[in-house]
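Here the structure comes first, spelled out in structure tokens, and everything after it is commentary.
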């Protein structure tokens with residue numbers, strides 16, 4: 001079987017999965033995946049971003065992620081949230097120091113008793129900018145990536161590496177998808193830019209297409 005035929009078959013399977021997703025899936029699964037960047041220096045903070053609504057304050061406009069970003073650091077000590085009893089700790093960009101939001105260090109019983117998605121890293125809307133992440137079906141067709149297709153990074157199960165290895169820290173919070181590396185994942189920035197993801201065949205899409213995307217508008 002040729003490589004092009006295999007790619008065509010996988011694209012067909014993905015399209016069918018998208019159709020099924022819209023028929024029977026949870027609100028969480030249908031949420032779009034975002035790339036989150038610092039609004040001051042444009043450092044990529046996470047490729048596992050989600051538009052968030054707080055259980056304790058549904059008027060707040062935030063973005064969240066589920067794995068520890070390797071590009072943020074803690075600021076000062078923790079404190080109690082205004083709308084509930086969660087313990088929070090502020091976070092800032094490690095590159096420029098821009099205050100970004102906070103981490104929910106210790107969720108309160110009230111919030112834990114309600115349905116939650118395990119996203120404890122929160123970014124304030126004004127401190128970051130977001131970009132929709134897309135799955136490229138062909139040169140003219142692309143679908144937004146939904147959380148139904150996001151999985152934990154393969155080798156570490158989503159755990160954060162607290163050691164000195166910057167590579168391990170990056171991989172531990174990397175976007176992972178159940179597609180092969182032949183299916184490009186990208187953002188429009190405003191040009192077409194492929195991103196690094198963990199794929200089911202353990203290859204990096206970003207490195208595979210880096211030379212190609214640098215010259216593509």
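What follows draws every value from the coordinates through simple rules; no lab data is involved. Being a predicted model, the structure only gives us computed values, none of them experimental.
P(r) for the range 68-159, please, calculated from all Cα pair distances in 10 Å bins and given in %.
Going from the shortest bin to the longest, the percentages are 13, 33, 36, 14, 4.
If every alpha-carbon in the range 1-146 counts as one equal scatterer, what log10 I(q)/I(0) does Debye give at q = 0.09, 0.17, 0.20 1/Å?
Log10 I(q)/I(0), no solvent term: -0.36, -0.97, -1.19.
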